[in-house]
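See structure below.
The values are calculated or read from the model by the stated rules, or taken from the named source; none is laboratory data. Small disclaimer: the values here were computed from a predicted structure and weren't measured. Ideal geometry is used to build each Cβ from the backbone, glycine not excepted, and the neighbour counts take in all protein chains shown. Protein only, heavy atoms only, side chains kept; ligands, DNA and RNA dropped before computing areas. Shrake-Rupley method; radii C 1.70, N 1.55, O 1.52, S 1.80 Å.
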Amino acid sequence: MIKIVSFKICPFVQRVTAMLEAKNMAYEIEYIDLKNKPDWFLEVSPVGQVPVLIAADGTALFESDAIVEYIDEIAPPLLEDLSAEERAVNRAWSYLASKHYLVQCSTMQAPDKNVLDERVAKLGKSFARAENRLGHGPYFAGDRLGNVDMAWLPLLHRASIVEQVSGYDMLSAFPKVKAWQRVLMNTGIPEKSVPGDFVRKFSDFYLSDRTWLGRGANENERPPEAPSGNAGGGCG
Ligand SMILES: N[C@@H](CCC(=O)N[C@@H](CS)C(=O)NCC(=O)O)C(=O)O
């Protein structure tokens, strides 16, 4: 069986597990501590990063782009009968999402409103591109769930948690993206692609007292406290 080497709140991992869930593929998951990487992990991961996918024959794959393409090759694609050009366009839209995972991570870690606004503006450029490209939905490609949906899912899932916990909606200017977010949340894939304690781990890290979002986006600003440990670490 496929094994995914994971870190609980990593969006690159979630992109991979979301694909596996969307395709109903069985997999095991092993969580590691990124602050104390085990030797066996460093031996199989040239870059020392998660996700790593250990294939059934023992081959270790790294880099989420390559892993997702591998998953697409070993199981029927979510969208069948796409031309080479359509597949390439979909990969490009997927890369656009994954290039912004760390931008979103750093946005959520903004210590004050000014920094948050700067980072949200950068992140918003990618949501604006999606807004311009989305059609009538419900999914990116219309009525069928596809790879692009799975690449954007970590961004949209995390934006949803931020909104629920802090009241701050980073998608408020993008009605089509917002509708897309609702549809993807309703697939159940967001919850299935993360561990049971995801919201707590995620909130402990990104929505703690050291971030503006964590101190209550809708409340008066209090000065940030000095960082105190970091709840197990995050991605960016
Ligand atoms: N380009 C990589 C990025 C993966 C990545 O940044 N993973 C982070 C966790 S979210 C990581 O393993 N960080 C540990 C490190 O860089 O030492 C991919 O797409 O798989």
**Prompt:** Using a 1.4 Å probe, what is the accessible area per residue for region 67-168, in Å²?
**Reply:** 47
**Item:** Relative contact order [Cα under 8 Å, 6+ residues apart], the chain, whole percent
**Value:** 24
**Fill in**
Log entry: pair-distance distribution for region 35-150, C-alpha pairs binned every 5 Å from zero, whole % per bin is 2, 9, 15, 16, 15, 16, 13, 9, 4, 1
**Prompt:** Using the C-alpha gyration tensor of the chain, what are the square roots of 5 times its eigenvalues, in whole angstrom, with the largest one first?
**Reply:** 28, 24, 14
**Request:** Sorted from largest down, give the three principal axis spans of the alpha carbons of region 2-74, whole angstrom values.
**Result:** 32, 26, 19
**Fill in**
Those helices of the chain passing the 27 Å axial Cα length cut-off and the mean Kyte-Doolittle cut-off of 1.0 (DSSP H runs only) are none
**Request:** Give, rounded to the nearest 20 debye, the magnitude of the charge dipole that the chain has about its Cα centre when Lys and Arg contribute +1 at Cβ and Asp and Glu contribute -1 at Cβ.
**Result:** 620
**Message:** Can you find, among Thr107, Gly216, Ala55, the residue sitting farthest towards the positive end of the charge dipole of the chain, where Lys and Arg contribute +1 and Asp and Glu -1 at Cβ?
**Reply:** Gly216
**Request:** Over the chain, with every protein chain in place, what whole percent of the accessible area is carbon and sulfur at 1.4 Å, could you tell me?
**Result:** 50
**Request:** Give me the Kirkwood hydrodynamic radius of region 84-206, using the inverse of the mean 1/r over all pairs of distinct Cα atoms, in Å to one decimal.
**Result:** 14.9
**Complete:** Lys and Arg at +1, Asp and Glu at -1: neighbours of Ile74 with Cβ under 12 Å from its Cβ sum to -3
**Complete:** Along principal axes, largest first, the alpha-carbon spread of region 116-184 in whole Å comes out as 34, 22, 18
**Request:** Under 29 Å Cα to Cα from Lys3, which lysines show up? Leave out anything in the same chain fewer than 8 places away.
**Result:** Lys23, Lys35, Lys37, Lys99, Lys192, Lys201
